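Colleague: Let me begin by handing over the structure; questions about it come next.
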Amino acid sequence: SLLRAASAVFAAAIESIVPGAIALGGGGSDAAARAFRCKDVRHGDYQCNAAMSLFKRLEASGSLPPGVDSPQDLARLVADAVGGMTEKENPVLCEPSVNGPGFVMCRVRSSFLEDGVNDIVRDGAPTRPRRYVGGGTDSPPSSSSSPSDNVVVVDFSSPNIAKEMHVGHLRSTIIGESVCRILEYVGMDVRRVNHVGDWGTQFGMLIQYLKEEYPDVSYGGNDDGEGDGDKGSGMPNITDLTEFYKNAKRRFDESPDFKKISQLNVVRLQAGDEECLRIWKVLCDVSRLEFEKVYRRLDISVEECGESFYNDKIPAVIDEFEMRGMISVEDGGAKCVFVPHSKVPLMLQKSDGGYGYDSTDMAAIRYRLDVLRARHLVYITDFTQADHFKMVFAAAKKIGWVTDGVHRLDHIGFGTVQGEDGKRFKTRSGDTVRLVDLLDEAVSRMESSLRERATEGRANISEDEVHETACAMGYGAVKYFDLRRNPTSNYVFSYDRMLDTKGNTAIYLLYAHARLESIVTKGKADHGIDVDAMMAGDGGKPRIVLSHKSERNLALHLRFFADSIEETLKDLFPYHICDFVYDLSIAASEFVTQCKVLGSPEMESRLLLCRATAITMRQCFDLLGIRHVMRI
Ligand code: ARG
């Protein structure tokens, strides 16, 4: 990436003046000579701030180079060294100067920027960063290490059976999908795991309620689950699972008999009773269909491996903790594990012998490390579960499944989605918002805005493209509104703001992207310049030449792409990519307003620059899980 390339140049320059200086500084060459993006672009593109601390160290050890009396003097030597390198030694930086107390400021060479854009056009894709920051070691998996070094488990979405997916699950789903795409993009072997809540105590009452309300349904064996509900077999026709859940709960609370039988069902189910299992499976199937509707709409791919999967793996885990003497038995008989820095323990087995959320997660983490051989685990849930995961991680460390420097464990704990009133996001009647309704609303608002555009004669799409375009934009808007911020923050859900055509929204970006492609299209239609053919290499080798300042600035922003990916890999927060693509689109809009593209002498080069930008934007959309459209 550009940041690393610039850092390497500074490191080489410092090394040439004071051999061994970098090693002296400790923390590796990157740390000592790290390049920074200049805050004020009038002063430069990249700067090195190492002269100040290096001066202090050299002064202390009495090894200052002759004639150096201040950090500025040292900075001047560094600048001279950068300036004295040949283009082969330093293809990246030029125009070094010294600023302030000893900052070395540089420009990025135009040739380097031109090469970057030409590479995008040649490859049809932005240059991919290869570096992966995993295992806490900040180094890419080495070739000698086992292939499992590539395995990352991302536990996301994870709704609960027989309950409606709510906005919290939507956040997990949106963030998780993007995190998976980013990790896959840098070459990781990502296991997308849907840790569905399919094994809680709620099943006792649900099973009982289903038995009583749908006595006709035969829960017989080999049903493929495709049958329609009203034939008396296969799926019961439960249209509203939330309603079903509520009714079951009401009976549970009102009838002591029902309650007793329900609790018995839980024990039966967990012990493997056939009838209970069959009914349980029906309930899961019905729920699954609902979840899948949302996943299909949002292009989510995630593999179900719910809590029930770990049920038979829990006893061995408890044994292992027991053998290591790490279990403390509470007064009632519950088996607990205490971990450092936490007063509350993890409960591996309840006093009645049952297993709960903690038990399952310990079995799951064991499985992921041991069977899936993952080196990196990511969990994405709301922030209220932060303590739970801290304990799970600490327990895994305590028993030795996890080793510092080898494994990396992340919990992304996201904030709450609020309504415009600042409270938890609810419908007007106070119910939780159904995800399908929420998505429908985004699409229908987008449809009317597209139709309005059409009546103003500004649409480039026909009526039968409206729905598909509105889906791409509406879903994209919902996703981007979530992804563009630090996930740990709360946010206020607002259709008006997420669907705004101005500002940092998906709508603005999708329009900006379509505008670039429409310029490319006009280039071909009106001026006979075929960018696709040029990219296919039909008409010789076209090259991008940067002449105007806004062209250069756009090319510089294109070079930041890899940096933004590397930044994202550190904390797995996709907003770095949002920030990047938004800044890129601003640079692009400056370029197309300041530079004439169509009909100008530089038309070929500029059309290619438009295309390179569009390609990079599409890559970002894809990493965010957002569909792009070529015309709006
Ligand atoms: N089903 C849980 C919920 O809805 C989330 C599960 C997260 N994953 C995990 N391994 N605990 O809150």
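Colleague: Can you list residue pairs whose Cβ atoms sit under 6 Å apart, with the first residue in region 443-469 being assigned to a loop (DSSP other than H, G, I, E, B) and the second being surrounded by 11 or more Cβ atoms within 10 Å (Cβ to Cβ) and of a type in the set (S, T, N, Q)? Count only pairs 6 or more apart in sequence or on different chains.
Modeller: Qualifying pairs under 6 Å: ILE461/THR469.
Colleague: Sticking with this one: Across region 242-283, which residue is nearest to GLU212 (Cα to Cα) among those that are among the small types (Gly, Ala, Ser) and surrounded by fewer than 21 Cβ atoms within 10 Å (Cβ to Cβ)?
Modeller: To start, the set of residues in region 242-283 that are among the small types (Gly, Ala, Ser) comprises 248, 255, 262, 271-272.
Right, trim to surrounded by fewer than 21 Cβ atoms within 10 Å (Cβ to Cβ) and you get 255, 271-272.
Details: SER255: 13, ALA271: 22, GLY272: 21 Å.
Taking the candidates together, the pick is SER255.
Colleague: In addition: Can you find, within region 351-361, the residue that is surrounded by the fewest Cβ atoms within 10 Å (Cβ to Cβ) among those that are more than 10 Å from the ligand (Cβ to nearest atom) and of a type outside the set (Gly, Ala, Ser)? Before you say what the answer is, go through the steps one by one.
Modeller: Restricting attention to region 351-361, the residues satisfying the condition of being more than 10 Å from the ligand (Cβ to nearest atom) are 351-356, 359.
Filter again for of a type outside the set (Gly, Ala, Ser), leaving 352, 355.
On the way: ASP352: 11, TYR355: 22.
Out of the qualifying residues, it is ASP352.
Colleague: Pairs needed: first member in region 277-293, under 13 Å from PHE203 (Cβ atoms); second member anywhere, in a helix (DSSP H, G or I); C-beta distance under 6 Å; at least 6 residues apart or different chains.
Modeller: Going by the 6 Å Cβ cut-off, the qualifying pairs are ILE279/ILE207; ILE279/LEU210; TRP280/PHE203; TRP280/LEU269; LEU283/LEU206.
Colleague: Also, I was wondering about something else. Have a look at LEU113, LEU77 and point out the one that is farther than 20 Å from ALA12 by Cβ and in contact with a helix residue (DSSP H, G or I) (Cβ under 7 Å, 6 or more places away or on another chain). Talk me through it step by step, then tell me what you get.
Modeller: Details: LEU77 fails: farther than 20 Å from ALA12 by Cβ.
Criteria check complete, one pass: LEU113.
Colleague: Mind counting the residues in region 145-173 that are closer than 22 Å to THR488 by Cβ, assigned to a helix (DSSP H, G or I) and among the polar types (S, T, N, Q)?
Modeller: Result for region 145-173: 2.
Colleague: Can I ask one more? Which one of the conditions (1) more than 10 Å from the ligand (Cβ to nearest atom); (2) within 25 Å of THR173 (Cβ to Cβ) does LYS398 fail to meet, given that it meets all the rest?
Modeller: (2)
Colleague: Mind counting the residues in region 408-423 that are outside any loop (DSSP other than H, G, I, E, B), within 16 Å of the ligand (Cβ to nearest atom) and touching a residue at least 40 places away in the same chain (Cβ under 8 Å)?
Modeller: Of all residues in region 408-423, those outside any loop (DSSP other than H, G, I, E, B) come to 408-414, 417-418.
From the residues that got through so far, the ones that are within 16 Å of the ligand (Cβ to nearest atom) too are 409-414, 417.
Imposing the further condition that a residue be touching a residue at least 40 places away in the same chain (Cβ under 8 Å) reduces the set to 410, 412-414, 417.
Final tally of qualifying residues: 5.
Colleague: Could I ask something else about it? Residues that are outside any helix (DSSP H, G or I), of a type in the set (S, T, N, Q) and either away from the ligand (no atom under 12 Å from the Cβ) or not assigned by TED's automatic domain parsing to the domain that holds GLY176 (or both): does region 318-332 have at least one?
Modeller: So in region 318-332, the residues outside any helix (DSSP H, G or I) come out as 324-332.
So of that shortlist, the ones also of a type in the set (S, T, N, Q) come out as 328.
Next, from what is left, pick out any that are either away from the ligand (no atom under 12 Å from the Cβ) or not assigned by TED's automatic domain parsing to the domain that holds GLY176 (or both): 328.
Yes: region 318-332 contains one or more residues that are outside any helix (DSSP H, G or I), of a type in the set (S, T, N, Q) and either away from the ligand (no atom under 12 Å from the Cβ) or not assigned by TED's automatic domain parsing to the domain that holds GLY176 (or both).
Colleague: Taking the residues in region 140-173 that are acidic (Asp, Glu) and within 16 Å of the ligand (Cβ to nearest atom) as candidates, determine which candidate is modelled with the lowest pLDDT.
Modeller: Just the residues of region 140-173 that are acidic (Asp, Glu), to begin with: 149, 155, 164.
Subsequent filtering for residues that are within 16 Å of the ligand (Cβ to nearest atom) retains 155, 164.
Numbers: ASP155: 98, GLU164: 72.
If we take residues in region 140-173 being acidic (Asp, Glu) and within 16 Å of the ligand (Cβ to nearest atom), then GLU164 is modelled with the lowest pLDDT.
Colleague: With the checklist (1) away from the ligand (no atom under 13 Å from the Cβ); (2) touching a residue at least 40 places away in the same chain (Cβ under 8 Å); (3) part of a helix (DSSP H, G or I) in hand, flag the one item GLY176 doesn't pass.
Modeller: (1)
Colleague: Something else: Considering region 364-391 alone, what residues qualify as being part of a strand (DSSP E or B), surrounded by 21 or more Cβ atoms within 10 Å (Cβ to Cβ) and within 13 Å of the ligand (Cβ to nearest atom)? Please lay out each step first, then the result.
Modeller: Our first condition is that a residue be part of a strand (DSSP E or B); within region 364-391, this holds for 376-382.
Next cut, surrounded by 21 or more Cβ atoms within 10 Å (Cβ to Cβ) only: 376-381.
Scanning region 364-391 gives LEU377, VAL378, TYR379, ILE380, THR381.
The values are calculated or read from the model by the stated rules, or taken from the named source; none is laboratory data. Being a predicted model, the structure only gives us computed values, none of them experimental. For neighbour counting, all protein chains shown are included, and Cβ atoms are generated from backbone atoms with ideal geometry for every residue, glycine included.
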